[in-house]
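Since the structure comes first, as structure tokens, the remarks are kept for the end.
The values are calculated or read from the model by the stated rules, or taken from the named source; none is laboratory data. Since the model is a prediction, treat every value here as computed from it, not as a measurement. Don't worry about glycine lacking a Cβ; one is built from the backbone with ideal geometry, like all the others, and counts go over all protein chains shown. Heads up: the accessible areas ignore ligands, DNA and RNA and are worked out on the full protein's heavy atoms, side chains in. Shrake-Rupley method; radii C 1.70, N 1.55, O 1.52, S 1.80 Å.
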Amino acid sequence: MLIKTFGSAVQGVSAYTITVEVSVSAGTKYFLVGLPDNAVKESEQRIESALKQYGYKIPRQKIVINMAPADIRKEGSSYDLTIAMGILAASGQISDEKVSAYMIMGELSLDGSLRPIKGVLPIAIQARKEGFRGFILPAQNAQEAAIVNNLEVIGVNNILEAIEFLDGAREIEPLVINTRELFSNTADQYAADFSDVQGQENIKRALEIAAAGGHNLIMIGPPGAGKTMLAKRLPSILPPLSMHEALETTKIHSVAGKLGEATSLLTTRPYRSPHHTISDVALVGGGGVPQPGEISLSHNGVLFLDELPEFKRTVLEVMRQPLEERRVTISRAKTSIDFPANFMLVASMNPCPCGYYNDPSKECVCGPGVVHRYLNKVSGPLLDRIDLHVEVTPVTFDEMTATRKAEKSAAVRERVMQAREVQTERFSEMPQIHSNAMMPSQMVKEVCQINEAGRTLLKTAMERLGLSARAYDRILKVSRTIADLAGSEDIKIEHLAEAIQYRSLDREGWAG
């Protein structure tokens, strides 16, 4: 007897339906074909042990299992339940009436219980698109799949529950989640708030500008000045995620297996802070089975690189292209996979190895040339992609103990959202551009026009401060964002003057 069950393979952030054809006939051998990897081949032992726990068995007949299409490699242990249901239906141990109506996925333990799997959200989206009645999967993953409406999500704890459900002996209520309600109830609930930070008003202003224009930012300052504390609070002033952005971000975390059991939908902007020992592949993605890296996990959020010069140079250089293209392409011999990577880069660094160069209260103990070599660890092309350079100074005792409450993130976010609305209107005819930071050079000339006084100021600043040519476009983009925050149609001289302040690392001789 021939039975078809259905599973799914995930490539990148998309899923492809896999048809598992099971034929049971006279004979004694077990064949598993269709380009399975070792984890899929080992399913026979897991299935046999799990079925024995509940009085079922793999029949001692000729069993041929084909996983189609045969030219796509099937990887991982999540096909255990798909194959097991196919064998039981083909050998007449359960009814075959409902088997092909459901997408079935799950990894089996030897005792018959089910372990969670990765990539549930893209699989559920594909199952609905292809007209399946529902999705049978481990109970731990059910919340994640249930955000896809018009699809029965049947969460099961063990193989017996799946068998009895498909055989009609057990009723399992599909899990239903009101996605809109969940989204509105949990959106923008950040643990950290700008009001926690005393003082540092100039840095908060720089972060507000960065958030308003989608600009990348680097903070330079001594240890303990509050660089990390400020960076952690940046997501709380970014505009709230739209439903489309939330689903897109959740899909990436689902594929990477980073969603918790109780999490079904990411409703806050991601904040990722990898350690400086991270490898190239862990940062941009890849591996034997291509997985999203930290830059994709930061999609629609913030990637914070603390102690930037301590990162391996090769790791930082592989980030240059994704910063421009807002996506990363992982190429293999037989396939090429795109992961989205539209993130804000926020970096921090000490001004020298000891951390106290230019510090007003402590003396730097680094020798001649050491500071320059330390700063040169961060390449020019990478700095070229960072719009704002901000010097952070330690908070004074008076500021730290002040009783005056600092401004809350919600108030800052309101101003950021108003500036973003101006930009949305400005770039309405260019769907690939969402913020001032994404403007190409030719557009900067049109959008960021300055008057004669502004040109004179910019020329003087570039000559006196020794600003490099690459700073020119960046200053204009940032001044456009400052004007948007101020509600001004034109870039005024004060907007330009403020933008010039944020180019510390471009000044010739900054490191002596």
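Here are the numbers:
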item	result
One residue from 147, 136, 163, 154 being surrounded by 18 or more Cβ atoms within 10 Å (Cβ to Cβ), under 26 Å from the mean Cα position of the chain (by Cα) and either part of a loop (DSSP other than H, G, I, E, B) or at pLDDT 95 or above (or both)	147
So residue 433, is it in a loop (DSSP other than H, G, I, E, B) and over 20 Å from residue 501 (Cβ atoms)	yes
All positions within the range 37-65 that are of a type outside the set (A, V, I, L, M, F, W, C), open to solvent by 40 Å² or more (accessible area, probe 1.4 Å) and either over 23 Å from residue 164 (Cα atoms) or under 32 Å from the mean Cα position of the chain (by Cα) (or both)	38, 41, 42, 61, 62
Which numbered condition residue 308 misses (of (1) more than 20 Å from residue 245 (Cα to Cα); (2) open to solvent by less than 50 Å² (accessible area, probe 1.4 Å); (3) touching a helix residue (DSSP H, G or I) at 6+ places or on another chain (Cβ under 6 Å))	(3)
Checking residue 92 against (1) closer than 17 Å to residue 21 by Cα; (2) open to solvent by less than 20 Å² (accessible area, probe 1.4 Å); (3) touching a residue at least 60 places away in the same chain (Cβ under 8 Å); (4) not in a strand (DSSP E or B), the condition it does not meet	(2)
Counted residues, the range 341-380 - those being assigned to a loop (DSSP other than H, G, I, E, B) and either without any contact (Cβ under 8 Å) to a residue 40 or more places away in the chain or not β-branched (Val, Ile, Thr) (or both)	26
Failed item, numbered, when residue 116 is tested on (1) under 23 Å from residue 67 (Cα atoms); (2) in contact with a helix residue (DSSP H, G or I) (Cβ under 7 Å, 6 or more places away or on another chain); (3) open to solvent by less than 30 Å² (accessible area, probe 1.4 Å)	(3)
Test: residue in the range 420-431 that is at pLDDT below 85, on the phi < 0 side of the Ramachandran plot and open to solvent by 50 Å² or more (accessible area, probe 1.4 Å)	yes
Residues satisfying the stated conditions in the range 452-481, i.e. open to solvent by 80 Å² or more (accessible area, probe 1.4 Å) and outside any helix (DSSP H, G or I)	469, 470
2 or more residues open to solvent by less than 10 Å² (accessible area, probe 1.4 Å): qualifying helices (runs of 4 or more DSSP H) within the range 172-259	201-213, 227-232, 243-255
Scan of the range 404-430 for residues that are of a type in the set (Ser, Thr, Tyr), free of Cβ contacts under 8 Å to residues at least 40 places away in the same chain and part of a helix (DSSP H, G or I), ordered by number	424
Residue in the range 271-287 that is of a type in the set (A, V, I, L, M, F, W, C), open to solvent by 10 Å² or more (accessible area, probe 1.4 Å) and not in a helix (DSSP H, G or I) present	yes
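Residues checked against (1) surrounded by 17 or more Cβ atoms within 10 Å (Cβ to Cβ); (2) in contact with a strand residue (DSSP E or B) (Cβ under 7 Å, 6 or more places away or on another chain); (3) within 30 Å of residue 37 (Cα to Cα):
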site: 313; (1), (2), (3): no, no, no
site: 317; (1), (2), (3): no, no, no
site: 323; (1), (2), (3): yes, yes, no
site: 333; (1), (2), (3): no, no, yes
site: 339; (1), (2), (3): yes, yes, yes
site: 381; (1), (2), (3): no, no, no
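Yes/no per residue for (1) touching a residue at least 40 places away in the same chain (Cβ under 8 Å); (2) touching a Lys or Arg at 6+ places or on another chain (Cβ under 9 Å); (3) not in a strand (DSSP E or B):
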site	(1), (2), (3)
303	yes, yes, no
316	yes, yes, yes
323	yes, yes, yes
329	no, no, no
333	no, no, yes
339	yes, yes, no
